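Below is one structure; the comments refer to it alone.
We did not get these values from a lab; they are worked out from the coordinates using the rules stated. Please read these numbers as outputs of a predicted model, since none were measured by experiment. Cβ sites come from the backbone with ideal geometry, for glycine too, and all protein chains shown count toward neighbours.
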Amino acid sequence: MSHSRTAASSILATLISAALTACCVAAASAVRAQAPGAASPPTSTDTFDAQVARGQDEYLNACAACHSSDLSGGEIGPPLLGRLFNAKWKDKSAKELYELTRDTMPQGAPNTLTTAAYIDIVALMIKSNEYKVSAPVTEENAGGVVLAP
């Protein structure tokens, strides 16, 4: 009896993992399929708040399924705000956060969003954690943006 329960648990875990990976891949594909310009890079006349708004849209499409719509974390994805996030990212650069996010997310389909989408999602995380940033984050300036409350 215990062997069949173990086998059933293993099959269930595999099915759940496959479904979650498919969900993340589908979300990434949906973001990539958006009309050109949907995630345009920040311009010199752009504002940080406009960037955060774009990041919110991108986040809801590509990240919320695992990390929850309010960045508080889900069954799979850790929280992207709060004490634990701040302990890990305090005094690191936005570039480090961007590179980790780009290289590992969405789970199962890393580096599938546009550069602008990843940067805008990082801006959302910066704003949600109340880090002191007011100008738009760009790929060029992200190394000089320190994540400090």
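Observations
- Positions within the stretch 44-94 being aliphatic (A, V, I, L, M) and within 12 Å of the chain's Cα centre (by Cα), in sequence order: Leu60, Ala62, Ala64, Ala65, Leu71, Leu80, Leu81
- Counted residues, the stretch 50-88 - those being of a type in the set (S, T, N, Q), in contact with a helix residue (DSSP H, G or I) (Cβ under 9 Å, 6 or more places away or on another chain) and under 22 Å from Ala148 (Cα atoms): 2
- Any pair with Cβ under 7 angstrom, 6 or more apart, that starts in the stretch 66-84 at a residue that is free of Cβ contacts under 8 Å to residues at least 24 places away in the same chain and ends at one that is surrounded by 17 or more Cβ atoms within 10 Å (Cβ to Cβ) and among the aromatic types (Phe, Trp, Tyr): Pro79/Phe85
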